1. For the pair residue 19 and residue 118, how long in nm is the line joining their label points, each one 7 Å along Cα→Cβ?
2. Under the 0.36 nm per residue contour assumption, what length would be gained going from the current alpha-carbon distance of residue 195 and residue 35 to full extension?
3. What distance in nm separates the simple spin-label points at residue 46 and residue 130, each placed 7 Å from Cα in the Cβ direction?
4. Quick one: work out Rg over Rh on the C-alpha atoms of the range 1-153, Rh as Kirkwood radius.
5. Relative to the first principal axis of the alpha-carbon coordinates of the chain, what is the inclination of helix 189-199, with its axis defined by its Cα atoms, in degrees from 0 to 90 and to the nearest 10?
6. Among 198, 122, 58, whose mean-square fluctuation peaks in a Gaussian network model of the chain (Cα, cutoff 10 Å)?
7. For the chain, with a Gaussian network of springs between Cα atoms less than 10 Å apart, report the residue from 173, 96, 80 with the top mean-square fluctuation.
8. What translational diffusion coefficient, in µm²/s and rounded to a whole number, does the Stokes-Einstein relation yield for the range 116-173 at 37 °C and a viscosity of 0.692 mPa s, taking the hydrodynamic radius as the Kirkwood radius over Cα pairs?
Ligand code: GLV
Ligand code: MN
């Protein structure tokens, strides 16, 4: 199985991940096909409304290969995104997948910012409308309605991974060198400290739940 290359077409019907085996590259070893059970092909947890009572007012529930081993090598996965009326799913990108999502409840502003020339495209989507975000492109969602919003998103990777722009820089362990940060953001050290303090540990741990 080509575990170190981009996800390609599978060589057999399935390769259910043996999650006790070592993850190599982006995949698990295949469990013996004769050991497949119905539960390997089904996953129920995306039907659970998530608690959005956190600093972002949102929650992302993932159905990726880490929790749903039947996805192993198939190059697909899904997320459920719950967003409180005041909430946001903050700017992030997926290094290994394009994303397409559908608003199931509420009204959501979805925005994406291109690489290279930094053009922002955004639109408020209602129920049944869909969006697409190319692989590696920064995007966000904001609930602009009065009610909780719900989105289901699909990815063309069994493990899309998520890089949250702010968390990546301000929650790294160890912290990024001050000179790098002050030059990068063109602010002085006190501003970097202020962001780290309002946004840094222990709050980082609440952000880190969104990554993965
Ligand atoms: C939404 O953008 C998500 O990645 O779940
Ligand atoms: Mn996303």
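Nothing in this text is a laboratory measurement; each read-out follows from the coordinates by a stated rule. A quick note: this is a predicted structure, and the numbers were derived from the prediction, not measured. Glycine gets a Cβ as well: all are built from the backbone with ideal geometry, and neighbour counts include every protein chain shown.
1. 4.0 nm
2. Taking 0.36 nm per residue and subtracting the Cα distance, the gain is 52.6 nm.
3. In this crude spin-label approximation the distance works out to 1.2 nm.
4. Answer for the range 1-153: 1.02.
5. The angle comes out at about 50 degrees.
6. Maximum among the listed residues: 198.
7. Residue with maximal mean-square fluctuation among 173, 96, 80: 173.
8. Details: Rh = 14.2 Å.
Result for D is 231 µm²/s.
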